[in-house]
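S.K.: A single structure is presented below for examination.
The values are calculated or read from the model by the stated rules, or taken from the named source; none is laboratory data. Fair warning: this is a prediction, and the values are worked out from it, not measured in the lab. When we count neighbours, we look across all protein chains shown, and the Cβ atoms used for this are built from the backbone with ideal geometry, even at glycine.
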Amino acid sequence: MIFSDFINSISSGAFDQQFCRLYGSSEKTVLRQRSRFMSAAENFSRLYPESGEIRVFSAPGRTEIGGNHTDH
């Protein structure tokens, strides 16, 4: 998704149904998730200004991208 579209979608509440399903349906919780995702997106944009797109994934619990935490 284009970064600016992602920010606009969060601001307009387009992801509120997904936030409710993932985190709970109280208004306070949804607003907290909007803020959390906006902050993550803005930080991503600062770190990778040349990227015009953003993708967001949600995974339960402890999820590792590069290997298993028991590999020592």
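S.K.: What residue, among those in region 20-36 that are part of a helix (DSSP H, G or I), modelled with pLDDT of 95 or more and not charged (D, E, K, R), is surrounded by the fewest Cβ atoms within 10 Å (Cβ to Cβ)?
M.R.: The extreme case among them is S35.
S.K.: Under 7 Å by Cβ, and 6 or more places apart or on different chains, what pairs join a residue from region 3-16 that is in contact (Cβ under 8 Å) with a residue 60 or more places away in the chain and exposed (fewer than 12 other Cβ atoms within 10 Å of the Cβ) with one that is outside any helix (DSSP H, G or I) and of a type in the set (D, E)?
M.R.: Note: no pairs meet the criteria.
S.K.: Those residues that are surrounded by 11 or more Cβ atoms within 10 Å (Cβ to Cβ) and either of a type in the set (A, V, I, L, M) or over 12 Å from the mean Cα position of the chain (by Cα) (or both), I need them from region 37-50; list them, please. Reasoning before the result, please.
M.R.: Here is the first cut: in region 37-50, the ones surrounded by 11 or more Cβ atoms within 10 Å (Cβ to Cβ) are 37-38, 40-42, 44-45, 48.
Answer for region 37-50, where residues must be surrounded by 11 or more Cβ atoms within 10 Å (Cβ to Cβ) and either of a type in the set (A, V, I, L, M) or over 12 Å from the mean Cα position of the chain (by Cα) (or both): M38, A40, A41, S45, Y48.
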